[in-house]
Amino acid sequence: QVQLVESGGGLVQPGGSLRLSCAASGSVFSVYTMAWYRQAPGKQRELVADISNDGTTNYADSVKGRFTISRDYAMNTMYLQMDSLKPEDTAVYYCYAEVVSDFPRRLGDYWGQGTQVTVSS
């Protein structure tokens, strides 16, 4: 069984910063692409940023220059540093990962439980 556990959400004022973490644990053999998605009330889930196994990153236009995605490959952990936060960044943020589980050995898509980020004065 593979789990993705997120942490780091909360309430922050506009212009502030937050750092999200996502750790893959359990029966993990290897982790490929990891990503952050978000879903605001009444809107569809959207990709915020992703990072491949070779470190290639991709960002939504709305967060370029403000958010930074990174990984600790040894710890199977991903981070999202969010700076210059805006009210429109308010959403539930979800961690996603492509994981090859150990027993049985197979590739699957996994999601975290979500963490709330609220940007408000």
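The values are calculated or read from the model by the stated rules, or taken from the named source; none is laboratory data. These numbers come from a predicted model, not from an experiment. No Cβ is skipped: glycine too gets one built from the backbone with ideal geometry, and neighbour counts run over all protein chains shown. Note: areas computed on protein heavy atoms with side chains; ligands, DNA, RNA excluded. Shrake-Rupley method; radii C 1.70, N 1.55, O 1.52, S 1.80 Å.
Determine if region 94-102 includes at least one residue that is out of contact with any helix residue (DSSP H, G or I) (no Cβ under 8 Å at 6 or more places or on another chain), hydroxyl-bearing (S, T, Y), outside any loop (DSSP other than H, G, I, E, B) and at pLDDT 95 or above.
yes
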Cross-chain or 6+ apart pairs with Cβ under 9 Å, region 8-28 first and of a type in the set (K, R), then open to solvent by 30 Å² or more (accessible area, probe 1.4 Å): R19/G8; R19/Y79; R19/Q81
Members of region 82-92 found to be open to solvent by 60 Å² or more (accessible area, probe 1.4 Å) and either closer than 11 Å to V2 by Cβ or touching a residue at least 60 places away in the same chain (Cβ under 8 Å) (or both), listed by number: S84, K86, P87
Condition broken by S7, with the remaining ones in (1) open to solvent by 70 Å² or more (accessible area, probe 1.4 Å); (2) touching a strand residue (DSSP E or B) at 6+ places or on another chain (Cβ under 6 Å) satisfied: (1)
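State all residues of region 93-121 that are farther than 16 Å from F29 by Cβ and surrounded by 18 or more Cβ atoms within 10 Å (Cβ to Cβ); if no residue qualifies, say none. Break it down stepwise before answering.
First pass over region 93-121, keeping only residues farther than 16 Å from F29 by Cβ: 93-96, 111-121.
Within region 93-121, Y93, Y94, C95, Y96, G112, T115, V117, V119 meet the criteria.
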Selection from region 51-81 of residues that are of a type in the set (V, I, T) and either more than 20 Å from L4 (Cα to Cα) or open to solvent by 50 Å² or more (accessible area, probe 1.4 Å) (or both): T56, T57, V63, T68
Candidate set: region 34-49, residues that are open to solvent by 40 Å² or more (accessible area, probe 1.4 Å) and within 30 Å of S101 (Cα to Cα); chosen: the one farthest from the chain's Cα centre (by Cα): Q44
Pairs where the first residue, in region 50-76, is closer than 26 Å to V28 by Cβ and the second is part of a loop (DSSP other than H, G, I, E, B) and open to solvent by less than 50 Å² (accessible area, probe 1.4 Å), C-beta under 7 Å, 6+ apart: none
Residue tally, condition in a loop (DSSP other than H, G, I, E, B), more than 15 Å from the chain's Cα centre (by Cα) and not hydrophobic (A, V, I, L, M, F, W, C), over region 82-93: 2
